[in-house]
Amino acid sequence: MRRSIRNMLGLAAASAVLVVGIPAMASSASAATTTKAASASSLDFDDFWGYDYSKYFHGSRAKAKGHVYEDNDGSFHVEGKLYDKNSPNWLCGYVQVKFENSDGDDSTYWAKKCGSSGYRYFHFYEDDVDNIQVRVCYYDNSHGTKKYCGRWDYIYEADEQ
């Protein structure tokens, strides 16, 4: 869930407590909740994402999951694990991570995992990021192309100002 939606839900819950007319003790609790939400939004971004999947190929799918966070220097990091289970040897699991800034410029990174044993760890980062998307596909080694891609999933979006 996006940070802005979480903050709006927290404020809506605090407002509902005030409207219902809970005694003064509840009002001070809602004020504490609002203060906590305001201080949490000033912290670095930190969230988990996934599983995201490729489309099916004869009953098998590649998948990925991971972690997105902002470090103290303002860089955004995406790390995770890519799995390729039960696909033919000419297909590999393939994950793409796209970082986009406010000017619409983007940078796309990828990782590939071939074979069913284990997973492939990946870690990418960028500065000046307004949104981050992830997509899982298969990569056809014999033709050098992406195939059976799942949808792009937003794992981070900057709050609208």
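With the simple model of a label 7 Å out from the Cα in the direction of the Cβ, TYR56 to ASP127 spans 4.6 nm.
Amide H contacts under 5 Å for ALA111: VAL95, restricted to partners 5 or more places along the chain or on a different chain, H placed in the peptide plane at 1.01 Å from N. Rounded to the nearest whole Hz, the Karplus-based 3J(HN,Hα) values (6.51 cos²θ - 1.76 cosθ + 1.60, θ = phi - 60°) of the range 88-93 follow the sequence x, 5, 8, 10, 10, x, with x at glycine and proline.
A short reminder: the numbers here are calculations on the coordinates, not readings from a lab. Quick caveat, the model's predicted, so the values are computed rather than measured. When we count neighbours, we look across all protein chains shown, and the Cβ atoms used for this are built from the backbone with ideal geometry, even at glycine.
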